[in-house]
Every structure is written in C-alpha cells, then in structure tokens.
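The values are calculated or read from the model by the stated rules, or taken from the named source; none is laboratory data. No experiment lies behind these values; they were computed from the predicted model shown. Every residue, glycine as well, gets a Cβ built from its backbone with ideal geometry; the counts of neighbours run over all protein chains shown. Just the protein is used for accessible areas: all its heavy atoms, side chains included, with ligands, DNA and RNA removed. Shrake-Rupley method; radii C 1.70, N 1.55, O 1.52, S 1.80 Å.
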Amino acid sequence: MLIISTIKKYIVFKEDTILDALSKINDNNKGLVFVLDYSGLVEGIITSGDFTRWLIEADKFDLTVSVAKIMKKDFISFSINDNSEDVIRSFTDQIKIIPLLDNNGRLKSIALSEAKGFQIGGHYITEKSPSFVIAEIGNNHNGDINLAKKLVDLAVESGADCVKFQMRNVQTLYKNNGKANDKSADLGAQYTLDLLNRFQLNNLELLEVFDYCKTKGKVPLCTPWDIDSLEILEKYGMEAYKVSSADLTNTDLLDALILTGKPLLCSTGMSTEAEIKRTANYLNNKGVSFIMLHCNSTYPAPYRDLNLRYLRRLRDISGGLVGYSGHERGYIIPITAVAMGARVIEKHFTIDKNMEGNDHKVSLLPDEFKEMVSQIRIVEEALGTDSERKISQGEIMNREVLAKSLVINQDLKSGQEILREMIEVKSPGQGVQPYRINEILGKKANRDFISGDYFFESDIKNILVKGRNYQFNRRFGIPVRYHDYKKLISQTNVDFAEFHLSYRDLEEDLSNIFNEVQDIDFVVHCPELFSGDHILDLSSVDNNYRERSILELQKVVDVTLNLKTYFPKTARPMIIVNVGGFNESGFLKAEDKIRMYENVAHSLDQLNCEGVELIIQTMPPFPWHFGGQSHHNLFVNHNDIVNFCKKTDYKICLDISHSQMACSYFNWSLNDFVKSVSPYVSYLHIVDALGVDGEGVQIGKGDVDFSELGENLQAFMPKVPFIPEIWQGHKDNGAGFWEGLSFLEEYL
C-alpha cells in the first residue's frame, strides 16, 4: 500500500456543501472524501455513489446542502500504529482508500491500495517513482551555520530531493556525559567526541537550517541519535526520520520513533542479518512505514564489501521497498544500486573532502553529486517497466529501413491467386513481415500488382484502401515523393502536394519527372539529412558547419524555384524547414539558446529567398534523426517561438505531433500552445502523438484532443492550409493518409 500524508484533496468539513465535496472528489480522482469536524476528527465518508443515490432520492436538487446530510458514518479505519498487514488485508475491490487515525481519532494520513510506499513532503516513494535522493550533510558543516546554509544551496543546485542533518544530545547519549577529554575512553570514542563537541550546531541553529531548506523548496530530514533529540524534532514537525545504522537494534529509540507515526528510513550497516530481520519484523508488526537502506558502515567502504546483490535479499526480508546509503568513494555505486531496485539513495555531501572529520572523505563534492543525480535519472529512464515489450519509435523507423518484408516477384492481376513462388523476402521492411507469409498464400489479389510491390496488411485482410474526395473548410494537401506523386494525388481532390525531398532529390532532372504543367499548388519540405551525415543546423556554433547548412538550404531554395516551372499556380511556394538546434547530450541553458536563435536569424539573412517563403517547423523535445534520438532546443517552447517570430517576421509550420510531445514533456497545455503561436502560423502539419517521443502517430490514435484542436484551429487560424503528416502514410497506396483525412473531416 501507499501511505500519503498530504490529505487536503481528500477531506471536507461537515459544514461544507455537497458541491464542495464533489469538487474535491473530482480533484483527487479517487471517488471519495472524508468528512471531518474542525478538530480533525473523522465523522464520515462520502463517495461518488453516495452522491448518485442522494440525487435519485432527494426531493429537490440543492448542491448547497451540508455534506453531513449525505455522509455515511460507517467506514473502515485504522490507527497509524496498527499492523500494516491488517490494513492491506482490508482492501477490497470496493475499498481502495483507508483513513489512518491517531490515538484521538484525528486523520493523519491515508492508505491507498494501488502501490507500496509512502510520502515525504511532496515526494511519493514507491516502486515506480523516481528515486528519492538525499544529500547527507550530517555534521559536514563543521559547526558553522553559514556553511550549513551554503551546503543546502549547493545541494539544491545539485538536484537533491532532500537535505539531511543529524541531531544528538551528547550529554545524555554518552555514558561519560559526552566529555571529549575522558582519558578512560577508547581512542575511537575520544576522536568522535572531540569532533562532536567542536563541530555540532546547537539545536536552534539546526532548526534555523531546516527552515532555510524549506525556503529553497527542499525537504529537510534529520537523524535523531537519542530520544531527547527526537522530541525536539517532533515538536518542530519533521516529516520523516532517518534511523542510523547504530540504532537499528535500539528498541527504545525505535519505539519512540514508531509512536510518531512518521515514515522511517533505516540504515542496516553494522547489523547482522538476524538483527535486520528482527527489526524488520518488529516494524512490520507495529504497522510502521519504513524502508531498509542497504549500507556498509566503513569510511570509506571497500568496493569488495558493498555486496549490492544483497538489495534483493533485503527486499524479501523487509517485505517492502529498499534503498542504499553509501560510504564508498565516488558515485558509480549509488547509480548501480538504483538499477538494482533502490528507491532511496543517501550520499554524504561536502564542499571540501580535506576538511576535518571522517565523513568528508566519503562525501561527494557538489559537481560529483550533481552528476550522480543526472546519471540516476538516466538509469531510471532506461529501466522502463516490466510490462509487455513494445517496439520504440526509433526501432520502428529502423525496422522500416533495415528489416525485411514480403514482396511479389512478378506482375499479377486483381483476382488471381497468390502462390508461394511469387513471394520473396527482401529489404527494406516496409511491407508485411516474412513470418506472415502463410497468411497471404492462396488469397486472391484484391488489386493489380507490379513486380517488386510490397504486400501490406490490406492484402491479408482483403481490404482495398483508396482515397476519395474530402470536404474541409480550408485548403489541404498530402505529403508526397517524386515517385508516388501522380499515383497519390490522382485518388483525391487535394489543393496542393507537399514534396518531401531527400538530398538526392536535389540532383534530379525535373523534366524526367514532370512532362507537363501541373494544375495544383505545391509546398516543399526541406531535407534534414544531407550527404556525409550532415544534419541541417542553421543555429550551430560551429561556423563551418553552419555555413554548409546555409549552402544546402540554398540548394533547396533553388530547386523549389525550378519546381515553379511545373507548378505555375503557386506564386510564392513555401519551404518547410527544421532550422536545427539539436543536442545529443541534453537540453541547453537559456543563454545558450538565445545565441542559437541569433545564429538562425543571421543564417536566414544570408539566403537568397526571393520568390519563396521559408516556414520554420515547430519541433519536439526528442526528435528522431534516422533511427537515433537527440534533445532539441529551438522552436519547442511556444514563448521562444513567439519572440523569434516577432523579431524576425518569419512564420511557422505548426506541427501538432511535435508540439503535443513538447506539451506532454514540459507539462504545458496544447490548447494554450496553439493559441499562443496562432498569429504566426502559415501552415499546419496535423498528426497525432504518443507520449514525449512517439511522433507521426495515426490521427485519433494518440494524445491529441482533436475536438478541442479543431475548435482552436477554426477560431484562431481558419484559413491556414494543412496536410496529414502521418509517418509512412504513403504506404499501401496512401492508406494512412486516407484514414487520417477521413477522421479529420469531422473536426476541420
């Protein structure tokens, strides 16, 4: 189960109205709210079903009625100290949320059946959540509150989720009252007491640092080394506690921690497996939310002693989530621990490894900690899920190029039988996969085949896909290549064709392709790839690279002007261009993007574009470049796009798929995006998207709300032309385009 402590979305007060309750139910998306009195006591529960029954039975419909009128007073609840297994056993198909109360009946947290874990601050720690990364400052401030605050700042900049300290009362903790000059003490104890007496912050200073953490938006945590310190931290309102390895077997302190009802992060260093099992069983029987942290309490710990495989065994022992608290040098081990299932990572943090104190030498410097967090996030992204394997977008693209498919080796008339000797396996993989050959054998051809044609899904299902005339309130076209232009446009009533050029197409003799003047308009889509693996980039900081990009784009302009000879209806053809801005290693800082936008503007100024109009395409955060993926920085953010267009007077091609993926990744609204850029849109690529990098998806099969999109396009850009830019839509006689256009007729 998942235990959450942020309960505002799940509660109403008994004086609130039914409308208030409905608003909360809609907000939390869990189908219920708990009704409290103003002292926090739980008096009842209201579910969406309760509301429905009231609606049916009520004499009149009045949403201003008090929730007390419809709440149920019988509901299941548990104490925050009850055995967690008892809570888990109480979940049913109907009961998925259970309130956890303190000894006075006040609501303290909520148990959800959907996952294991709990909440600390704004972070959910579950099997599927990002790892909770703790910067353990401990006493690395060396008793200087200003250094402590500086370390907090650096931890925030380094990407830590939490900043942790330690509090102890050395007078009550040590049997010699914490005297550093006790000659009878062992050398190790003398050394530790000497450091503690000189380098501890006093309690008020620590509380001040905790407050400082909160002003920086980070969760402060602390390890209480004794019950006196715990009482101070509990009065402060600490959200969770770290149990040091030294206290994993300290039942007195554990009992005091259990009574707080707060989540516990328990290090297992210096403990035998029998002791770990005993504490895990003890905490489970007490109903505590806890995570065991695998740990080796040596400073620094030798790599050979770390035994990361124990994480799996520790998970079985504790029955819950696990983490890792590291005292080794470097940061590769915590990254590996995440790959092995650690959901919490704790690593010591310092500004100088040479400072006095044994924690400094096993700590990470800010740049090292930042790199560790960055690599952890990469590993988490790569871990994915254990659900059914699906082909990624990049694999789909490479499969089209590298895989094999079934082709016919002779001409065949519609109605004739397809025989085994007519079928061969050839690259590329743009048709039906070879293993499906038996699904084709013996079928009657539903179309005329020319030798070398691919077999498609429509040949297996015996469905002949054709275009037709479509009705839209704006001009529309389809994307074409030179070789399929005539075949595709002959099937429909398009107003124009958008030629997707390859760099080899730039060398074609157009008289060999067009033997007469064409009676439709045209648009050109500039290639992204040119010979020698050169990807067009007008923003590059490499002057030579940028100069070549300008030359290549000028060739496209020249070819477009030549195409006007065959398409005289188009007075000023548009060229859709991705101007660049990609980066393989990650997203760039704002100041770097400003320079790149300036490079784009300067590059465009060097082109001779008389007679054509360059239209800049909006881009996704993670574009695919011929089977590989990069990060994109330019023409992704709608605010950047608007600023560039205002400064330069250039217009854009709004690619719905690209911009939907940007909105999904950055948590923007596509509705707001479209409205923002609408004054600068001259052309539309309309297509769907899945997630943050699934581009070119068939319209209606992804994340785009086409009902809302259609309304916005009609309201803000009613005359802007479009194409259905469906990836591989030209295959199977243009089946993808015809399906997409049929879908869009309802909305455009």
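Here are the numbers:
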item: Flag if Gln416 is over 30 Å from Val133 (Cβ atoms) and touching a residue at least 60 places away in the same chain (Cβ under 8 Å); result: no
item: Flag if Glu708 is of a type in the set (D, E, K, R), surrounded by fewer than 17 Cβ atoms within 10 Å (Cβ to Cβ), in a helix (DSSP H, G or I) and in contact (Cβ under 8 Å) with a residue 24 or more places away in the chain; result: yes
item: Filtered residues of segment 511-537 (kept if farther than 26 Å from Asn583 by Cα and either under 42 Å from the mean Cα position of the chain (by Cα) or loosely packed, with under 14 Cβ neighbours inside 10 Å (or both)); result: Ser511, Asn512, Asn515, Glu516, Val517, Asp519, Asp521, Phe522, Val523
item: Unmet criterion (only one of (1) surrounded by 14 or more Cβ atoms within 10 Å (Cβ to Cβ); (2) over 44 Å from the mean Cα position of the chain (by Cα)) for Gly431; result: (2)
item: Some residue of segment 17-28 being open to solvent by less than 60 Å² (accessible area, probe 1.4 Å), free of Cβ contacts under 8 Å to residues at least 24 places away in the same chain, within 29 Å of Leu264 (Cβ to Cβ) and under 35 Å from the mean Cα position of the chain (by Cα); result: yes
item: Complete set of residues in segment 115-126 that are open to solvent by 50 Å² or more (accessible area, probe 1.4 Å) and over 19 Å from Gly341 (Cβ atoms); result: Gly122
item: Failed condition for Leu588, given (1) crowded, with 21+ Cβ neighbours inside 10 Å; (2) modelled with pLDDT under 95; result: (1)
item: Cβ pairs under 6 Å, 6+ apart, first in segment 435-456 and open to solvent by 60 Å² or more (accessible area, probe 1.4 Å), second assigned to a loop (DSSP other than H, G, I, E, B) and among the β-branched types (Val, Ile, Thr); result: Lys443/Ile418
item: Failed item, numbered, when Val338 is tested on (1) under 27 Å from Thr272 (Cβ atoms); (2) under 21 Å from the mean Cα position of the chain (by Cα); (3) surrounded by fewer than 20 Cβ atoms within 10 Å (Cβ to Cβ); result: (3)
item: Considering residues of segment 486-543 that are of a type in the set (Phe, Trp, Tyr) and outside any loop (DSSP other than H, G, I, E, B) only, the residue farthest from Leu604 (Cα to Cα); result: Phe496
item: Selection within segment 100-137 - in a strand (DSSP E or B) and more than 30 Å from the chain's Cα centre (by Cα); result: Leu100, Leu101, Arg106, Leu107, Lys108
item: Meets criteria (open to solvent by less than 30 Å² (accessible area, probe 1.4 Å) and either closer than 22 Å to Gly611 by Cβ or modelled with pLDDT of 95 or more (or both)) for Arg546; result: yes
item: Matching residues, segment 382-430, being in contact with a Pro (Cβ under 8 Å, 6 or more places away or on another chain) and outside any helix (DSSP H, G or I); result: Ala403, Lys404, Ser405, Leu406, Val425
item: Unmet requirement for Ile408, which otherwise passes all of (1) aliphatic (A, V, I, L, M); (2) in contact with a Phe, Trp or Tyr (Cβ under 8 Å, 6 or more places away or on another chain); (3) under 30 Å from Pro130 (Cα atoms); (4) modelled with pLDDT of 90 or more; result: (3)
item: Hits in segment 42-88 - residues which are under 37 Å from the mean Cα position of the chain (by Cα) and closer than 15 Å to Asp102 by Cα; result: Val42, Ile76, Ser77, Phe78, Ser79, Ile80, Asn81, Asp82, Asn83, Ser84, Val87
item: Residue among Phe622, Phe635 that is assigned to a loop (DSSP other than H, G, I, E, B) and within 24 Å of Lys555 (Cα to Cα); result: Phe635
item: Residue match in segment 68-89 (condition: in a strand (DSSP E or B) and within 27 Å of Asn26 (Cβ to Cβ)); result: yes
item: Out of His638, His631, His602, sole residue that is free of Cβ contacts under 8 Å to residues at least 12 places away in the same chain, of a type outside the set (Asp, Glu) and open to solvent by 20 Å² or more (accessible area, probe 1.4 Å); result: His602
item: Failed condition for Glu380, given (1) touching a helix residue (DSSP H, G or I) at 6+ places or on another chain (Cβ under 6 Å); (2) open to solvent by 30 Å² or more (accessible area, probe 1.4 Å); result: (1)
item: Residue count, segment 138-151 (criterion: open to solvent by 10 Å² or more (accessible area, probe 1.4 Å) and assigned to a loop (DSSP other than H, G, I, E, B)); result: 4
item: Residue, nearest to Glu85 (Cα to Cα), within segment 29-50, restricted to residues that are assigned to a loop (DSSP other than H, G, I, E, B) and touching a residue at least 12 places away in the same chain (Cβ under 8 Å); result: Lys30
item: Test: residue in segment 52-65 that is among the hydroxyl-bearing types (Ser, Thr, Tyr), free of Cβ contacts under 8 Å to residues at least 24 places away in the same chain and open to solvent by 20 Å² or more (accessible area, probe 1.4 Å); result: yes
item: Candidate set: segment 711-748, residues that are more than 24 Å from Asp521 (Cβ to Cβ) and out of contact with any helix residue (DSSP H, G or I) (no Cβ under 7 Å at 6 or more places or on another chain); chosen: the one least open to solvent (accessible area, probe 1.4 Å); result: Lys731
item: In segment 300-353, the residues that are of a type in the set (Ser, Thr, Tyr) and in contact with a helix residue (DSSP H, G or I) (Cβ under 6 Å, 6 or more places away or on another chain); result: Ser318, Tyr324, Tyr331, Thr350
item: Test: residue in segment 71-81 that is surrounded by fewer than 15 Cβ atoms within 10 Å (Cβ to Cβ), among the acidic types (Asp, Glu) and closer than 27 Å to Asn281 by Cα; result: no
item: Residues that are open to solvent by less than 20 Å² (accessible area, probe 1.4 Å) and either assigned to a helix (DSSP H, G or I) or without any contact (Cβ under 8 Å) to a residue 60 or more places away in the chain (or both), drawn from segment 643-653; result: Phe644, Cys645, Ile652
